[in-house]
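Report on the following structure.
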Amino acid sequence: MKPKDALNLIEPGVERINTKQIWADLGAGNGIFTHALSRLLPAGSMIYAVDMNSTRMSSISLWEQVTLKIIQADFVSSAWNTEPLNGILMANALHFVKEKESFLKKLKERLTPGGRLLIVEYEMEKGNTWVPYPISFQKLSAIATSSDFSSVKKLIEVPSVYEGRMIYSAVIE
């Protein structure tokens with residue numbers, strides 16, 4: 001994915017305010033979405049990049065007025081500590097979580113009032129080696145509602161290079 005594509009997928013889900021924000025990027029990988037997020041946040045904001053692979057995260061670059069804190073951890077099963085978050089980004093990461101409902105409930109506890117989850121996922125139902133526990137937008141909506149979130153909104157859907165599937169972005173509040 002190109003940086004501009006990552007930016008386009010998440011931009012509608014990031015509230016544009018001048019107050020500094022604190023976000024976490026779960027499954028940050030090489031940071032393409034972390035970088036895109038940093039371009040959308042106001043100066044003084046902070047992003048926690050959480051991933052098991054510290055080598056991949058070492059190449060993450062941000063907009064210079066946003067602080068990066070790297071946490072090497074499995075975001076699903078490990079404890080990763082942050083202060084309360086205004087937002088959590090999961091780009092191509094929720095499909096690694098088997099028990100999505102209980103996981104989303106735990107994420108909700110980490111959010112400040114009015115905080116949001118920003119999800120980027122493949123629009124598919126059947127898993128494979130690379131996407132073991134896929135989550136279509138319809139399934140995401142049902143799980144988010146049963147996890148006590150009040151709204152789920154699809155933002156953008158674009159073609160993927162992966163088997164002609166679609167990728168969608170969504171915001172959950």
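Summary table
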item	result
Tally of residues being among the acidic types (Asp, Glu) and open to solvent by 60 Å² or more (accessible area, probe 1.4 Å) across the stretch 26-64	1
Candidate set from the stretch 83-92 (those that are within 16 Å of the chain's Cα centre (by Cα) and open to solvent by 40 Å² or more (accessible area, probe 1.4 Å)); member that is farthest from GLU123 (Cα to Cα)	PRO84
Within the stretch 128-157, tally of residues that are outside any loop (DSSP other than H, G, I, E, B), more than 17 Å from the chain's Cα centre (by Cα) and of a type in the set (A, V, I, L, M, F, W, C)	1
Considering residues of the stretch 158-172 that are over 20 Å from GLY87 (Cα atoms) and open to solvent by less than 80 Å² (accessible area, probe 1.4 Å) only, the residue nearest to the chain's Cα centre (by Cα)	ILE167
Tally of residues being among the hydroxyl-bearing types (Ser, Thr, Tyr) and either touching an Asp or Glu at 6+ places or on another chain (Cβ under 6 Å) or free of Cβ contacts under 8 Å to residues at least 24 places away in the same chain (or both) across the stretch 119-140	2
Residue tally, condition open to solvent by 40 Å² or more (accessible area, probe 1.4 Å) and more than 22 Å from MET46 (Cβ to Cβ), over the stretch 93-106	6
Selected residue [of a type in the set (D, E, K, R), surrounded by fewer than 14 Cβ atoms within 10 Å (Cβ to Cβ), assigned to a loop (DSSP other than H, G, I, E, B) and at pLDDT below 95] from GLU109, GLU125	GLU125
Number of the exception - TRP23 against (1) among the hydrophobic types (A, V, I, L, M, F, W, C); (2) at pLDDT below 95; (3) buried (at least 22 other Cβ atoms within 10 Å of the Cβ)	(2)
Test: residue in the stretch 4-17 that is part of a loop (DSSP other than H, G, I, E, B) and of a type in the set (S, T, N, Q)	no
Lone unmet requirement of (1) in contact with a helix residue (DSSP H, G or I) (Cβ under 9 Å, 6 or more places away or on another chain); (2) under 22 Å from LYS2 (Cα atoms) for THR55	(1)
ARG56, sole failed condition from (1) modelled with pLDDT of 95 or more; (2) within 25 Å of HIS95 (Cα to Cα)	(1)
Pair list, Cβ under 7 Å, 6 or more apart: the stretch 3-26 residue more than 14 Å from VAL171 (Cα to Cα), other residue basic (Lys, Arg) and open to solvent by 30 Å² or more (accessible area, probe 1.4 Å)	LEU7/ARG39
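The values are calculated or read from the model by the stated rules, or taken from the named source; none is laboratory data. These numbers come from a predicted model, not from an experiment. Because the Cβ atoms are built from the backbone with ideal geometry, glycine has one as well, and the counts that use them run over all protein chains shown. Quick note on the areas: whole protein, heavy atoms, side chains included, nothing else; ligands and nucleic acids left out. Shrake-Rupley method; radii C 1.70, N 1.55, O 1.52, S 1.80 Å.
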